[in-house]
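Just so you know, all these numbers are worked out from the coordinates, no wet-lab data involved. No experiment lies behind these values; they were computed from the predicted model shown. All Cβ positions, even for glycine, are placed from backbone atoms using ideal geometry, and neighbour counts span all protein chains on display.
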Amino acid sequence: MSGRRERVYMRLTPGEKDRALDLASRNGLTVSQPVRALIQLPADYASEGACTAVVLDRATAGEFEREMRRWGNHYNQAAHTLNRIAYYAGGYPVWVFLEVIDFGTFADLWRHCALRWDSSEMRAQHYVLKSVRALRNACAHNSLIVNGFSRRSERTSFNPPRIISASLNERGMKNTKARRSKLANLRVSQIAATLYADGEFCMRDSTRARHAAHLAAVRHYAENCGVLRRANDGIVSYFDFVWKLVDIWLPSEY
């Protein structure tokens, strides 16, 4: 209160007083503080035709700053996308196109190419990509995918793509009743598709080696944290099957 010894008295209607009290209360201010803020405005603002002044409290100013940051992020993303489009205007590599679209659109593009060139292999790969997308979406929305490791869990409405079955056959995993039962589980089928896609579509050895190392770390944690030792035999068998798929398509020797 230092230096504030003068007083100003105002006559208000009951409605005006209520609005002043409500304004101060909603913004965590005293009644005097909004008045002091108005006094700081230049004298020209009180003249005829003056500009409108917007007074922001700290909470509103913080929200305004966060919103501007979001707009800035959107602007940067748009600028990055437009730069890519301009740079590769003569013809887009698929990996560039993937940077500016979502994964679902990429899977649809793959299907379009399969139909355009009548490629049965690409059609089969399209179904693999659809399974990868489903698993990716489940992870992105914080679904606990291992909850699907149960005989009572959702089952697939289709057989595994033939390219996955053929790959497993070539690598020595026989088409047994146990294999068919595990791959009929929706989550296991999606995991199998993702591991196959990583092993077959990813051409860079260093990238595959990095992915293999991450999976090896996950496996080491799962097998040593004690959770699996307390789990029932059914859950353990599902994990064992997944580790076999990892050893086939992304072994730790990469």
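Per-residue Cβ neighbour counts within 10 Å put M122, M203 in the sequence M203, M122, beginning with the fewest. Of S157, S165, S32, the residue with the greatest mean-square motion in the GNM of the chain, using alpha carbon springs below 10 Å, is S32.
Normalised by 2.2 N^0.38 Å, where N is the number of residues, the C-alpha radius of gyration of region 143-254 stands at 1.06.
The share of Cα pairs per 5 Å bin across the chain, counted from zero up to the longest distance, runs 1, 5, 8, 10, 12, 10, 7, 5, 5, 5, 4, 5, 6, 6, 5, 3, 2, 1, 0 percent.
In the chain, the sites counted are trypsin sites (Lys or Arg not before Pro) in DSSP loop states with at most 13 other Cβ atoms within 10 Å, and the longest stretch holding none of them, exclusive of the sites, is 12-150. Per-residue ellipticity at 222 nm, computed for the chain from helices alone with -39500 (n - 2.57) per DSSP H run of at least four residues, works out to -21000 deg cm²/dmol. Compared with the alpha-carbon gap, the fully stretched path from L82 to I235 is longer by 50.3 nm at 0.36 nm per residue. So what's the angle, to the nearest 10 degrees on a 0 to 90 scale, between helix 120-140 and the longest Cα principal axis of the chain? Between the helix axis and the principal axis of the chain, the angle is about 40 degrees. Which residue fluctuates the most in the chain, going by a Gaussian network model with Cα springs under 10 Å, if the choices are H220, H211, H112? Between H220, H211, H112, it is H220 that shows the largest mean-square fluctuation.
Explain nothing, just the number: relative contact order of the chain, from Cα pairs under 8 Å at least 6 residues apart, as a whole percent. In percent, rounded to a whole number, it is 14. In degrees, nearest 10, range 0 to 90: what is the angle between the Cα axis of helix 205-224 and the longest Cα principal axis of the chain? Tilt of helix 205-224: around 90 degrees.
The distance from the alpha carbon centre of region 172-212 to that of region 93-121 is 21 Å, rounded to a whole number. Treating r as the C-beta distance of W71 and L12 and R0 as 35 Å, the FRET efficiency rounds to 0.35.
In region 167-254, what GluC sites (Glu not before Pro) fall in a loop by DSSP, with at most 11 other Cβ atoms inside 10 Å? Listed in order of number, the matching sites are E253. The stretch between C202 and S143, if pulled fully straight at 0.36 nm per residue, gains 18.7 nm over its current Cα-Cα span.
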